[in-house]
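Here is the structure we will look at.
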Amino acid sequence: MSLETWEKNRWIDTHSPTDSEITALIETAEHAINQADSLVGLSSAWKMKMAYDAILCCARACLFKSGYRASRTGDHYREIQSLELTIGIGAETIDVLDSFRQRRNAATYESFEIISEEEALHTLNEAKELLMKVKSWLDR
């Protein structure tokens, strides 16, 4: 599948981003990661939420840079899945990132208490790794 096929399916729309839009997304991801990593007393759920938000910002920046945006506001699933088509993230990693989406949803709509510190740190580490890959891709 390709981004063009996604557009035909109306999962994404064309978008002509400004450089400042992409920069703002990356800066937001960096800030979220730094806060999740350094705030003392931050709950596991909030740490995971901040790391997940960083992942979304990274995915959105890649989609924007590729000339598209999710056709529906808040379409986190498509944004995460698009990483395979934009920067070549493998299916296994996409599955891990999507599991964070599902857990964040459960925590938001059921109970924050379901997120362990280990799960939060795993999300944070994946966010850091993704941010490095995205920045490298954007620099090329």
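Looking across region 92-116 at every residue that is among the small types (Gly, Ala, Ser) and part of a loop (DSSP other than H, G, I, E, B), the one that is most open to solvent (accessible area, probe 1.4 Å) is identified as SER116.
Out of the residues in region 117-127 meeting the condition of being in contact with a helix residue (DSSP H, G or I) (Cβ under 6 Å, 6 or more places away or on another chain) and not acidic (Asp, Glu), tell me which one is surrounded by the fewest Cβ atoms within 10 Å (Cβ to Cβ). Going through the qualifying residues, I end up with LEU124. When ARG104, ARG69 are checked against the criterion of being in contact with a strand residue (DSSP E or B) (Cβ under 8 Å, 6 or more places away or on another chain) and within 23 Å of HIS31 (Cβ to Cβ), a single residue qualifies: ARG69.
Of the set (1) open to solvent by 70 Å² or more (accessible area, probe 1.4 Å); (2) in contact (Cβ under 8 Å) with a residue 60 or more places away in the chain, all apply to LEU131 but (1). Taking residues in region 88-104 that are on the phi < 0 side of the Ramachandran plot, and partners anywhere that are of a type in the set (Phe, Trp, Tyr) and open to solvent by less than 40 Å² (accessible area, probe 1.4 Å), the pairs with Cβ atoms closer than 6 Å and at least 6 places apart or on different chains are PHE100/TYR52; ARG104/TYR52.
For (1) of a type outside the set (Lys, Arg); (2) under 14 Å from LYS135 (Cα atoms), each residue gets a yes or a no:
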site	(1), (2)
HIS15	yes, no
THR23	yes, yes
SER38	yes, no
ALA59	yes, yes
ARG69	no, no
ASP75	yes, no
ILE87	yes, yes
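Among the residues of region 80-89, just one is assigned to a helix (DSSP H, G or I) and either at pLDDT below 95 or of a type in the set (Ser, Thr, Tyr) (or both), namely THR86.
The values are calculated or read from the model by the stated rules, or taken from the named source; none is laboratory data. Keep in mind that what you see is a predicted model, and the values were worked out from it rather than measured. Using ideal geometry, Cβ is built from the backbone for each residue, glycine included, and neighbour counts are taken over all protein chains shown. Note: accessible area is taken over every heavy atom of the protein model, side chains too, but ligands, DNA and RNA are not part of it. Shrake-Rupley method; radii C 1.70, N 1.55, O 1.52, S 1.80 Å.
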